[in-house]
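The structure appears below as structure tokens.
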Amino acid sequence: MRVILVPLVLALAGAAPLAAAPALRTVRAGDVDCRVVEIDLATDRLELHWKDDDGRPFGAVDRLREWGQGHGRTLLFAANAGIYDSQYRPLGLHIEDGHTVRPLNTARTGVGRGNFALPPNGVFYVDRLDRAGVVTTARWQKSRIAARLATQSGPMLVIDGELNPNFDAASDSLKWRSGVCAPEPGRVLFAVSEAPLSFHAFAAMFRDELGCRDALYLDGTLSRFWTPVGGYAGAAAVLVRPYAGMFAVFADGEPSASSKAD
């Protein structure tokens, strides 16, 4: 395994260097590089955003960054969240700042659901004590987790230390892919591939290289991450469409609510 560490600490003109910036590295998944960003919830506040203060979807990282600047905040990390529908709304559960903006989606079939409906799908969350985790949708329904943020997507990549049994190691369905896991309650790992790869190879990377017992697929083809040092990683710009939910880490200033009920 080849790992490249890049500290995301940069000096801004007229400002002190940014502290507690997420760590960036590159990990191999078979023959494909994957960019991995590690969020330490003890120092980095992970947020989930869909709409701005006027109720308009951000849609793009650039708009989220500009919104942050308008609130005196510097964007350190951004990534697309879970799968969304044809109207660019989160297809499943979407919780921001403890507010449920979109409800849990338990439908197993339907037009436009695609990967979301591959069994099982699941939920990534950070609770109000800043403890992160990934659980199947079925487990989420039975839990009493008080989430500060959550996104529902699918399919699950890793479940209790096992790869999703619906993945075929010989599959020729290759796409850019992104996913998330929490190897420990205080650590969150986001990964995006730098080239197309299979579900099986991507899931194996989360389990075998990142040490995740549970991991969730976020989206494919259009998935990208952004960091100040690394710029964009993931799909080519020509493939990107407007996002719905986006994860973010900001520096400076206090978090501002941006969610508006749908």
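The values are calculated or read from the model by the stated rules, or taken from the named source; none is laboratory data. All values derive from a computational prediction rather than experimental measurement. Note: accessible area is taken over every heavy atom of the protein model, side chains too, but ligands, DNA and RNA are not part of it. Shrake-Rupley method; radii C 1.70, N 1.55, O 1.52, S 1.80 Å.
Observations on the structure shown:
- Dimensions in Å of the range 174-258 - Rg and Dmax from alpha carbons: 13.9, 41
- Per residue, the solvent-accessible area of the chain (1.4 Å probe, heavy atoms of protein chains only, all protein chains present) comes to 43 Å².
- Per-residue ellipticity at 222 nm from helix content only, as computed over the chain with -39500 (n - 2.57) for each DSSP H run of at least four residues, stands at -2000 deg cm²/dmol.
- Semi-axis lengths (Å, descending) of the ellipsoid that matches the C-alpha gyration tensor of the range 92-175: 24, 15, 11
- Mean separation of Cα contacts under 8 Å, 6 or more apart, over the residue count of the range 28-164: relative contact order %: 21
- In the range 113-257, the inverse of the mean reciprocal separation of distinct Cα atoms equals 15.8 Å; this is its Kirkwood hydrodynamic radius.
- q = 0.14, 0.18, 0.23, 0.25 Å⁻¹: log10 I(q)/I(0) that the Debye formula gives for the range 134-218, counting C-alpha atoms only: -0.46, -0.74, -1.16, -1.33
- The three principal axes of the Cα atoms in the range 45-144 give end-to-end lengths of 41, 33, 21 Å, sorted in falling order.
- Percentage, to the nearest whole number, of Cα pairs in the range 50-95 over 16 Å apart: 43
- (i) 1, 6, 12, 16, 18, 16, 12, 8, 6, 3, 1, 0, 0; (ii) 1, 6, 14, 19, 21, 18, 12, 6, 2, 1, 0; (iii) 1, 5, 10, 12, 13, 13, 12, 11, 9, 6, 4, 2, 1, 0, 0, with the label sought being that of the calculated P(r) over Cα pairs in 5 Å bins from 0, in percent: (ii)
- Short-range pairs are left out: with C-alpha atoms under 8 Å and at least six residues apart, the relative contact order of the chain is 28 percent.
- Expected-Rg normalisation [2.2 N^0.38 Å, Cα atoms] applied to the range 181-229: 1.18
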